[in-house]
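Nothing in this text is a laboratory measurement; each read-out follows from the coordinates by a stated rule. All figures in this text were calculated on a predicted structure; none of them were measured in a lab. A quick note on method: Cβ atoms are made from the backbone with ideal geometry, for glycine too, and the neighbour counts reach across all protein chains shown.
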Amino acid sequence: MTLLSQDRMRTVLAWVVIVLIAVPVGGAVLLGVVYGESPCILCWAQRTSMVLIALVGLFVLRYGPRPRYIGLVVLLGTWGVYMALRHSALHLARDVGQGFAAPYFGIHTYAWAGFIHFVVLVAVAVLLVLLREDAPSYGPRATGRVGRLAIGLFLVVVGANTLQAFITTGPPPFIGQADPVRFSLNPRHWVWMYQDEVRGRISLRGSWTVPRPDPTAVEVDADPANGPLANLPVLDITRRLAITAPLGGTLTGLAHDPATGRFLAVTDHYGVYLLDSALSRVEHRVLLDHQYSIDLTTLAGAAFLGDTLAVLATNKSYVLLRLDPAADPDREWRHFRETDGGVTELRRSRFATERARQMYVLSLAYDRQADELITVTVPSPRHRRMVVSRFDRGDRLLSSEFEPRLGTNVTPSDSGRTLAEYVVTGAVAVDRTLYAVSAAYSTLLVTDLDTKLVTAAYAVPGIERPVGLAARGSELLVAQADGRIAVIERPGAGSATSEQTVRR
Amino acid sequence: MEFLNFLIILVAAWLLWRRPDKERLAFGLLIVSCIIMAVLFLIGTHTSLVPGLNL
């Protein structure tokens, strides 16, 4: 293999600098000056990084391949890849054709910058592999004709950048903008600022800093009198049941099948249990392998979809199961850590949301009339909203989402209080009505799925750590983490409330 | 600040071209420019330093 001498390497490097400074950097200046497309603050940093890589190339032209130059260009290359990831992440997941400013050759500038920094790293590696191990010569030396062209072009293009930077970002302390205005030579159109960019607290993950809730240990104030709604009527617990069938782990969700009378229970150990109508016998059980394929966080909800069993994790990942006497245990081995052999996994995937994005859920309901699955978000310090999301059973994609509003019969206890203070840990849909039990303030919320209004709310004193809600006839069964079940009359299914109200 | 940074880069390049004996000064300006560039990017992303995606 013919290795590069230092002189040959300098010539190659000079051309690399010429291409780098002429095409992406010079092209960006043209875009700005001719077409008026000004860079944002992040684009400026990406462009500056490419300029600095070219400048390091000029250092090598002048002084030879000193280790600190090579180290610096590798640092700039890796920093540039990070910048491109961070910047592009704002836009990569948007819908088709959407981005920030115009694309060039089908790719937006922030993505181009990432590709160029990646190529720089590859080019450095290739040049180092091909560089002949001559005795190093680090003194200043003549740059040659191509080298002079590289330096001259560099000064011209960077000079043009300097002019563009002055017009679009201003002198210090002004800095680039998130939403830059187009280039203009008219000073009255110049926008110089820095306040917008320094606003906000420093954070590693920003709005993605969302603590994962533990369905078995939701830390809340359970007193209904302290809740955000005033004068709630009380729903008395009419009796108590208990799951006596052995469950592995703590109960985190419960559903009832009106067709067979059976129950579906899920636990924090990824156990899925089909129980008889007396809650005393396990008819079928599987222990999901939560590490297979998609990431299942703790199971938090369950629902019967006819003969399909649906279980939901707190991160809105779901698993659909079906009873199958002919299930092949060897084929299901990938899905289940343990199984009694009578269950097949149909699908494992995730619900995608819009309003409920970046929020966890602790409940799953099934609206038979609409054939939709329903989740309700729980608030976090970053996102204090209650969002009801509905997913079509056919394709399991989002059908609609809404933040429930208060009906005329429901009043907030204070002007600053909202439904987002409730932590819904169990939900069930009956006759186009969503019943949701909140561990916070031990409250049952009743929401009309057509009007999207909370039409009623009830205090349910005496429930402890509710984790699920099931409907059976005219009753609602509030499942608790300890396996006990508080039975209350279902509002709307007959006389339900006592004379007592909870006042603040 | 971007304007100031490009001025620094221009000075460093001019030193390379016209005053190659000032390598230490030119390299020092290069490092200062790298730091300003990085700080400006971090100012623009300080509310979420890592990409806003699932990690």
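Of note:
- Cβ-based net charge around residue A:294, under 14 Å, with every Lys or Arg adding one and every Asp or Glu removing one: +3
- Dimensionless Rg/Rh of region A:224-502 - Kirkwood Rh, Rg from C-alpha atoms: 0.96
- Rough spin-label spacing in nm, given labels placed 7 Å along Cα→Cβ, for residue A:212 and residue A:278: 3.9 nm
- Extension gain for the segment residue A:448 to residue A:269, taken as residue separation times 0.36 nm less the Cα-Cα distance, is 61.1 nm to one decimal.
- Taking each DSSP H run with n ≥ 4 as -39500 (n - 2.57) and averaging over every residue of chain A yields -8500 deg cm²/dmol at 222 nm.
- Label-point gap, in nm, between residue A:22 and residue B:19 - each point 7 angstrom along Cα→Cβ: 3.1 nm
- The mean number of partner chain beta-carbon atoms within 10 angstrom of a residue's beta-carbon across peptide A:90-102 is 1.
- Around residue A:333: net Lys/Arg minus Asp/Glu count, Cβ-Cβ under 14 Å: -4
- Taken one residue at a time, the phi angles of region A:368-374 give Karplus couplings (6.51, -1.76, 1.60, θ = phi - 60°) of 5, 4, 8, 6, 10, 8, 10 Hz. Gly and Pro are set to x.
- By average C-beta atoms within 10 angstrom, highest first, the peptides A:155-166, A:340-351, A:236-247: A:155-166, A:340-351, A:236-247
- Cβ-Cβ FRET estimate between residue A:204 and residue A:371, R0 fixed at 45 Å, reported to 0.05: 0.65
- Counts of other chain beta carbons within 10 angstrom of each beta carbon in peptide A:37-44 average 3.
- All Cα pairs of chain A, percent lying beyond 30 Å: 60 percent
- Gained length - residue A:133 relative to residue A:7, 0.36 nm times residue gap less alpha-carbon distance: 44.1 nm
- Residues whose placed amide H lies under 5 Å from that of residue A:346, excluding near-sequence neighbours: A:320, A:321, A:322
- Look at the stretch B:24-31: the mean tally of other chain Cβ atoms within 10 Å of its residues' Cβ atoms is 3.
- Label-to-label distance, nm, for residues given as residue B:54 and residue A:414 (7 Å Cα→Cβ offset): 3.7 nm
- Distance from region A:104-150 to chain B (C-alpha centre basis), Å: 18 Å
- Compactness index (Cα Rg / 2.2 N^0.38 Å), region A:1-46: 1.66
- Gap separating the Cα centres of region A:356-406 and region A:428-489, nearest whole Å: 16 Å
- Near residue A:467, the amide H atoms lying under 5 Å from its own belong to A:479, A:480, A:481; only residues 5 or more places off or on other chains count, and H is placed 1.01 Å from N.
- Put simply, when A:472-485, B:7-20 are sorted by average Cβ atoms within 10 angstrom per residue, most first, you get A:472-485, B:7-20.
- Peptides A:195-207, A:101-113, ordered by how many other C-beta atoms sit within 10 Å of their residues on average, highest first, read A:101-113, A:195-207.
- For region A:275-391, dividing the convex hull volume of the Cα atoms by the residue count gives 120 Å³ per residue.
- Relative contact order [Cα under 8 Å, 6+ residues apart], region A:1-151, whole percent: 39 percent
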